[in-house]
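A quick write-up on the structure given underneath.
Values in this text are rule-based calculations from the coordinates and carry no lab data. Since we're looking at a predicted model, the values are computed, not measured. Here the Cβ positions follow ideal geometry from the backbone for every residue, glycine too, while neighbour counts run over all protein chains shown.
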Amino acid sequence: MINMSRSISLGKILESRELLYTLLLISVILPIIHPLGIPIAVSARTKAVYDYIENNLKPGCHVYFEIYYEVAARGELEPNVVALTKHLFDKGCKIVYGSLASFGVIVFELMKTTAADVFQGREYGKDYVFLGYVAGGESAAASLAKSIKGTVSVDNYGNRIENLPLMQEVDKATDFDLVIIASSGTDTFAYYVRQWYTPYNVPLLFAALSIIAPSIEPYVGAKQAVGMLVGQRAGAEYETLVGRLGLGMASMDAQSTSHMLVLVFIVIGNVVYWSQRLSSKRGGGK
Amino acid sequence: MISWDILGAWLSAAMVVWIYSFAYRDNLFYKLAEHMFVGAAAGYSIALALDSLNRVMIKPAITTPETFWTTSWHYVVPAILGVLMFAKYSRKYYWLARYAVAVNIAVGTGLALRTVPIANITRQITATIVPLWGSDPVTVLNNWLLVLITIGALTYFLFTIFPRRAEGARPSPLYYVYRTLYYIGIYGMMVGFGALFANTIMTRVGFLISIYLIYLQPQYWATIVAAILAAIAILLPLIRKK
């Protein structure tokens, strides 16, 4: 009887979501305070993206960079954006940033502040430009592909587009050697596949949240994109490749410990489920 | 001297803690943070939309009218359509909004339709036409899985014509083929959902980690105070109930 009540109370504690949340919080915070230094290997997928940029982009090339993620998704996508930006600048590429989302303006400025060293020595207007928020969703994406100057007359800071030296070199989709989409939404990738890749055949590169990756995988499988960086893990891998460790790498220990915790709970859940099923069968199928 | 930056950092740390406190229980501070977030987000979106309009159209039209009316005059058309959207709020002129909505839908549909058949149908079908024999066993296995699961998943969603097992009759070979593909489809999708679930955990944990690193760790005192306040707000009603 005592054993039974004990097992019930233990079961109740294990069932409570508060316990899981608390353990998850501990498993995230502890490895950040005391880093474990769990090594991470660079996946073939991330290496393929790195090699694509390394082998196909020449100094002076032009890249369009769509910034489409909210502040909450910074941790998953900013490491990718910063590492890619560093790689592109190191290769001597010129970047035009733009955003089809209103929150893109905030995250771009935050990214610039966090990665001030990456932008150091790069001249605004010559090495990079930020178009700011371009309203209109897919229609705006189609319009930008046809003509940036025809879509926006000024950049995010109110400078006239035609007065920026970089914007005298590029105007339409075919002027770009690569288009990178860093987005927390599935639709954005579809916009660029439909409006930039399909009509103009411009190479696309995706940087997506882990949760989005399975949904846009068919585009990568169908070679409509040259590659994809998936979440924080890919960000950490790319940081290793470009030699600038940041938020992605700092998160990896916590990712590993929290995943282990979730795995343990999945195993416990399955053991409890099957033992209950077996005991109910033995007890006459109640 | 407390600067606005420090105050902002404290506030952001507290807001994060209060929003996450909902995972334990609904409480006063969660509600406060939620309402502040919704208000700030709505206000920011409106301000940014107006700023975009001002930056792209109104300001250039006033400061450099010659350039604007020769190169960017077409911005006036969407601006008028945008204004027409607000006619919805008038009982007398609400019908004017229909023109703006109609143009918006027509342009969106037209733009999407011109490439959807190629981007989302043709290219996806051709991507499943892959060699099923070759020297690399991993590639061959992947290709088989791709083809079988694609056909299986499509078979699972056949809702109209499919082979049935007649009452008392021996099932036809087509019926067995259909059942096999049907189960391949189910298990293939299950594996897909499993991958999606794992990715969901990774994303949510990633959000938590980065938010902790960016907002909470640098302002740990604000975090602790906010957590204590949230704990009091959660526990106090529970104690009172007892």
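Counting only DSSP beta bridges with both residues in the protein assembly as shown, tell me the antiparallel percent, nearest 5. Of those bridges, close to 5 percent are antiparallel.
Under 1.5 on a/c is rounded, so check that first for chain B, then, if it is not, pick prolate when a/b is larger than b/c and oblate when it is not; a ≥ b ≥ c are the square roots of the alpha carbon gyration tensor eigenvalues. Cα axes put chain B in the oblate bin. Cα convex hull, chain A: 168 Å³ per residue, rounded to a whole number. Would you please state the base-10 log of I(q)/I(0) at q = 0.17, 0.21, 0.23 1/Å for segment B:77-127, with intensities from the Debye formula using one equal scatterer on every alpha carbon? Scattering profile of segment B:77-127, log10 relative to I(0): -0.59, -0.71, -0.78.
With a 10 Å cut-off around each Cβ of A:211-217, the average count of Cβ atoms from other chains is 4.
Convex hull over the Cα atoms of segment B:152-242, averaged projected area in nm²?
The directionally averaged projection comes out at 12.6 nm².
Rg then Dmax, both in Å and based on the Cα atoms of the protein assembly as shown: 27.1, 91. Estimated purely from DSSP H runs of n ≥ 4, each contributing -39500 (n - 2.57), the mean residue ellipticity at 222 nm for chain B is -24000 deg cm²/dmol once divided by its residues.
Axis angle, to the nearest 10 degrees, between helix A:231-242 and the longest C-alpha principal axis of chain A: 50 degrees. Segment B:115-156 and segment B:177-242 have Cα centres separated by 33 Å.
The separation of segment A:30-70 from segment A:206-253, counted between C-alpha centres, amounts to 7 Å. Counting, for every residue in B:108-119, the Cβ atoms of other protein chains within 10 Å of its Cβ and taking the mean gives 5.
Model label sites at residue A:159 and residue A:275, defined 7 Å from Cα along the beta-carbon direction, differ in position by 6.6 nm.
Applying a DSSP loop filter and a limit of 10 other Cβ atoms within 10 Å to the GluC sites (Glu not before Pro) in segment A:126-176 leaves nothing. Listed by chain and number, the aspartates and glutamates whose alpha-carbon sits under 20 Å from that of residue B:242, ignoring those within fewer than 8 places in the same chain, are A:18, B:26.
Partner aspartates and glutamates whose Cα lies under 20 Å from the Cα of residue A:172, excluding those fewer than 8 positions away in the same chain, are identified as A:66, A:127, A:138, A:155, A:162. A DSSP coil position with no more than 15 other Cβ atoms inside 10 Å describes the following trypsin sites (Lys or Arg not before Pro) in segment B:43-136: B:91, B:92.
Packing around the peptides A:26-36, B:197-207, taken as the average count of other Cβ atoms within 10 Å per residue, puts them in this order, highest first: B:197-207, A:26-36.
For the cross-link pairs A:91/A:112; A:47/A:91; A:58/A:112; A:91/A:223; A:94/A:149, the ones whose C-alpha atoms lie over 21 Å apart are A:58/A:112; A:91/A:223.
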